[in-house]
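Q: Below is the structure I would like to discuss, written out as structure tokens.
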Amino acid sequence: GGYRLPTKSVGQARFQDVPVGLVADQGVASKRALVRRIQQDSMKKLAMRCQAVLVNGASGRYVVYHLEITSDYYKQKWVVCKRYSEFHRLRKRLLDRLAAHKKQRGCANCGRVCRQLKEFGFPKRVVMFKDPTALVEKRTSGLEGFIVALCQYIAGDEEFDVCAEITATRFMVKEFLLFPLAHECQHVRAVRQLKYVDPRDVQVDSEACPICLCEWGELDGNQLVLSPCGHFFHEHCINEWYRTRFDCPMCRTISGQEEARSY
């Protein structure tokens, strides 16, 4: 038998102050899979809308493209303002890096993403348009489509084998798009701090998950996890919770904070 929690009075029954250090973490593979899913889904669940804005600069008038991004995953919305040349430069950097990794390592996924990006119709740099408005309109829709496709390509699917170059590429794109990286990093840290528990090894002294209120007996493939502050949740429920906030639903302890560095 595993560690048994001490009996508590009825008044304390909704809290589990579990000695976390005594509980074995049985979910290394599950944790890795969940982190991978977070990093994929956060890129897939994005909506984009691009608008062109004419700016009067010191050296003349130029167009800036405002990309309004909505993350359905993190329930956040923000605006990125870039010139056409910045999108063009990003695409070139990505193609160069992915092609180099494919050549050096024979990386199939880098080759696939590189091919997809090349084949996607990116708005040309030099176009003979008599009407500048038509050029701007074409670029506006083209840039929006390119960024949507780019996020889908580098997010990949279930079979996508994520190499170090794809990870670096995702980070570069997220930085370019002003993605809420601090939030995602805290989300990943919070998940890595969870302990995956076999219900047979611990005595859970509450009847239901505090988030969905379903009884522990109804796990339905959901895994039981233990937070660093000593409370049990369904893996799915606490992961959904961390998409918008990091305070424990039971005791308000903040999860996923960076550990203070000692100098």
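Q: Among 68-75, 229-236, how do they line up by average Cβ neighbours within 10 Å per residue, starting with the highest? Don't jump to the answer; show the numbers that get you there.
A: Values: 68-75: 16.1, 229-236: 20.9.
Highest to lowest by the protection proxy: 229-236, 68-75.
Q: Moving to a separate point now. Would you mind computing, in nm to one decimal, how far apart the modelled labels at A134 and L178 are, each placed 7 Å from Cα along Cα→Cβ?
A: It works out to 3.3 nm between the two label points.
Q: Right, here's the next one. Efficiency by 1/(1 + (r/R0)^6): what FRET value for T167 and E119, r their Cβ-Cβ distance, R0 = 41 Å, to the nearest 0.05?
A: Calculated value: 0.95.
Q: Sorted from largest down, what three extents in whole angstroms do the Cα atoms of segment 42-180 have along their principal axes?
A: If we take the Cα atoms of segment 42-180, the spans are 45, 36, 24 Å.
Q: Nearest 0.05, what FRET efficiency do R49 and Q203 give at R0 = 51 Å with Cβ-Cβ as r?
A: According to the calculation, E is roughly 0.50.
Q: OK, next. Highest first, please rank the peptides 183-192, 48-57 by the mean number of other Cβ atoms sitting within 10 Å of their residues.
A: Put in order of decreasing packing, that is 183-192, 48-57.
Q: Please go through the residue pairs K102/K124; K31/K92; K118/K138 and name each one whose alpha carbons sit more than 29 Å apart in this structure.
A: Working: K102/K124 25 Å; K31/K92 34 Å; K118/K138 18 Å.
Long pairs (Cα-Cα over 29 Å): K31/K92.
Q: By the gyration tensor of its Cα atoms, with a ≥ b ≥ c the square roots of the eigenvalues, what is the shape of segment 49-127: rounded for a/c under 1.5, prolate for a/b over b/c, or oblate?
A: oblate
Q: Looking only at Cα atoms, what is the convex hull volume of segment 31-73 per residue, in Å³? Working shown, then result.
A: Working: hull volume 3.5 nm³, N = 43.
Hull volume normalised by residue count: 81 Å³.
Q: What ranking of R83, R200 emerges when the number of other C-beta atoms within 10 Å of each C-beta is taken as an exposure proxy, fewest first?
A: Going from sparsest to densest Cβ surroundings: R200, R83.
Q: Could you compute the net charge surrounding A47? Neighbours are other residues with a C-beta less than 10 Å from the C-beta of A47; K and R count +1, D and E count -1. Walk me through the intermediate numbers first.
A: Numbers: positive: K45, R49, K77; negative: E68, D72.
Taking every Cβ under 10 Å from that of A47, the sum is +1.
Q: What net charge do the residues around R89 carry, taking every other residue with its C-beta under 11 Å from that of R89, with Lys and Arg at +1 and Asp and Glu at -1?
A: +4
Q: What ranking do V80, V197 get, fewest neighbouring Cβ atoms within 10 angstrom at the top?
A: With the fewest neighbours first, V80, V197 line up as V80, V197.
Q: A follow-up question, please. Treat each spin label as a single point 7 Å out from the Cα along the C-beta direction, and report the C212 to D157 distance in nm.
A: So the label points at C212 and D157 sit 2.6 nm apart.
No value in this document is a laboratory result; all are computed from the given coordinates. These numbers come from a predicted model, not from an experiment. Cβ sites come from the backbone with ideal geometry, for glycine too, and all protein chains shown count toward neighbours.
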